[in-house]
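One structure is given below, encoded as structure tokens.
The values are calculated or read from the model by the stated rules, or taken from the named source; none is laboratory data. Given the structure is predicted, the values throughout are model-derived calculations rather than measurements. Glycine gets a Cβ as well: all are built from the backbone with ideal geometry, and neighbour counts include every protein chain shown.
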Amino acid sequence: MIPTLTWTAAGVRFIDQTKLPLEESYVLATTYEQVADVITTMVVRGAPAIGVSAAYGVALGAMQTKAKTPEEFAPEFEKVCARLAATRPTAVNLFWAIGRMKALFAALAGSGASLGEIKEKLLAEAHAMYQEDIAACKTMGAFGGALLPEEGGVLTHCNAGALATCGYGTALGVIRAAVEQGKRIHVFADETRPFLQGARLTAWELMADGIPTTVICDNMAASLMRKGQIQAVVVGADRIAANGDVANKIGTYNVAILAKEHGVPFYVAAPWSTIDLATPTGEAIPIEERPQREVTHHAGKQMTPNGVGIRNPAFDVTPADYVTAIITERGVLRAPYAESLRAMELVVR
Ligand code: MRU
């Protein structure tokens, strides 16, 4: 399995996703500030991987402290959490993971645990999130794999694979599971401008698994659908609002519209940590604006005239109406999502 992030005695080791596929190199983060930097610069990216990375960042922050007691450490702990929370705004998994670490700290400090004990338990919690993420991917893969056709083309956008999680992947987990179930799937990977997660990362990890994959430019999907070459779309999500609106990589909404027009099912695969029932609709999801340079430059070379206006929203929102089903580790949800999400929230894992 591709080691997206690994805990080591020295800190967290990340495969550098900015360098793939040409270079397989690793970055070691030994402090929480370094973890925050690798999230911001997208050495690690993808909603579930960002969440677990932040949890390890919090654990590292606790290990770095010179404080002697939980009370003395408390204000520093808040600073660590705030720094990690300020890295990327859209993936709710980040806030979910930090929230879980904060709740654990509060419970332990409140029960009179020593700082040493708290440090150990924070690290254990990050390890638990890591394992739970892989298990969730495998379970949603089994649910989602059953929805894909016995044979045919499956389009995906961005990278919602092993590299975006602690392993196996969400959308690519569904595809992996379908292939493991004996289905003959050919993946079409949108290149995903401007950061090229599809061309660089999805293609790389599917090829490593021997799953037939073709990279297409983002503007080619309509034509392929019209020719009947795409039987299903599966994407991941960064945040799913209470009404089922889905924030995911910019361009996902385009794909959803095309799928609806061509009668192709559009599936979203995401762990429950991506569901944000506190956000009523997609309108309220914060959309990250990334540096202009990601659009103006390609492989270090400037592609646009000096001074031209540039926009770089990293995500868009696909209205729930376009979503055929949401695949989670708790099961497959169908519209009306406001009801199915609320009902599933009550299901004990
Ligand atoms: O900007 P990125 O690369 O972090 O965006 C990633 C995506 O949009 C993924 O589709 C999403 O996080 C789901 S990952 C399982």
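Within the stretch 294-325, the residues that satisfy the criterion of being out of contact with any Ser or Thr (no Cβ under 8 Å at 6 or more places or on another chain), hydrophobic (A, V, I, L, M, F, W, C) and surrounded by 10 or more Cβ atoms within 10 Å (Cβ to Cβ) are V317, A320, V323, A325.
Candidates are the residues of the stretch 291-301 that are in contact (Cβ under 8 Å) with a residue 12 or more places away in the chain and in a loop (DSSP other than H, G, I, E, B); the one that is nearest to F95 (Cα to Cα) is P291. The residues in the stretch 78-109 that are within 16 Å of the ligand (Cβ to nearest atom), assigned to a helix (DSSP H, G or I) and in contact (Cβ under 8 Å) with a residue 40 or more places away in the chain can be counted, and the count is 6.
Total residues in the stretch 259-274 satisfying the condition of being outside any helix (DSSP H, G or I) and within 13 Å of the ligand (Cβ to nearest atom): the figure is 5. Among the numbered conditions (1) within 16 Å of the ligand (Cβ to nearest atom); (2) farther than 18 Å from W96 by Cα; (3) among the small types (G, A, S), the only one that G112 does not meet is (1).
Meeting the requirement of 2 or more residues that are more than 23 Å from A299 (Cβ to Cβ) and within 11 Å of the ligand (Cβ to nearest atom), the strands (runs of 3 or more DSSP E) wholly within the stretch 164-255 are 232-235, 239-241, 246-249. Of the residues in the stretch 147-158, at least one is hydroxyl-bearing (S, T, Y), modelled with pLDDT of 95 or more, part of a strand (DSSP E or B) and farther than 25 Å from H297 by Cβ. Scanning the stretch 280-301 for residues that are out of contact with any Lys or Arg (no Cβ under 7 Å at 6 or more places or on another chain) and within 16 Å of the ligand (Cβ to nearest atom) turns up G282, P286, I287, E289, R290, P291, Q292, R293, E294, V295. Confirm whether V35 is away from the ligand (no atom under 14 Å from the Cβ), touching a Ser or Thr at 6+ places or on another chain (Cβ under 9 Å), among the β-branched types (V, I, T) and over 24 Å from A247 (Cβ atoms). So V35 does not fit the description; no. Taking (1) surrounded by fewer than 24 Cβ atoms within 10 Å (Cβ to Cβ); (2) in contact with a Pro (Cβ under 7 Å, 6 or more places away or on another chain); (3) charged (D, E, K, R) in turn, D133 satisfies each apart from (1).
Residues of the stretch 278-290 that are surrounded by 15 or more Cβ atoms within 10 Å (Cβ to Cβ) and either polar (S, T, N, Q) or not in a helix (DSSP H, G or I) (or both): T279, T281, I285, I287, E288, R290. Output yes when any residue across the stretch 54-70 is surrounded by fewer than 24 Cβ atoms within 10 Å (Cβ to Cβ), under 24 Å from A199 (Cβ atoms) and in contact with a Ser or Thr (Cβ under 9 Å, 6 or more places away or on another chain), and no when none is. No, the stretch 54-70 contains no residue that is surrounded by fewer than 24 Cβ atoms within 10 Å (Cβ to Cβ), under 24 Å from A199 (Cβ atoms) and in contact with a Ser or Thr (Cβ under 9 Å, 6 or more places away or on another chain).
For the stretch 331-343, the criterion of being within 16 Å of the ligand (Cβ to nearest atom), assigned to a loop (DSSP other than H, G, I, E, B) and either over 30 Å from E23 (Cβ atoms) or not charged (D, E, K, R) (or both) is met by no residue. For the stretch 302-321, how many residues meet the condition of being assigned to a loop (DSSP other than H, G, I, E, B) and either within 16 Å of the ligand (Cβ to nearest atom) or at pLDDT below 95 (or both)? Number satisfying all stated conditions: 3.
What about E150, is it surrounded by fewer than 24 Cβ atoms within 10 Å (Cβ to Cβ), within 16 Å of the ligand (Cβ to nearest atom), more than 14 Å from the chain's Cα centre (by Cα) and of a type outside the set (A, V, I, L, M)? So E150 does not fit the description; no.
Kindly evaluate A49 against the criterion of being under 17 Å from the mean Cα position of the chain (by Cα), of a type in the set (A, V, I, L, M, F, W, C) and under 28 Å from G198 (Cβ atoms). Taking the combined requirement at face value, the residue satisfies it.
On the basis of being surrounded by 13 or more Cβ atoms within 10 Å (Cβ to Cβ) and assigned by TED's automatic domain parsing to the domain that holds V174, does A343 make the cut? Taking the combined requirement at face value, the residue does not satisfy it.
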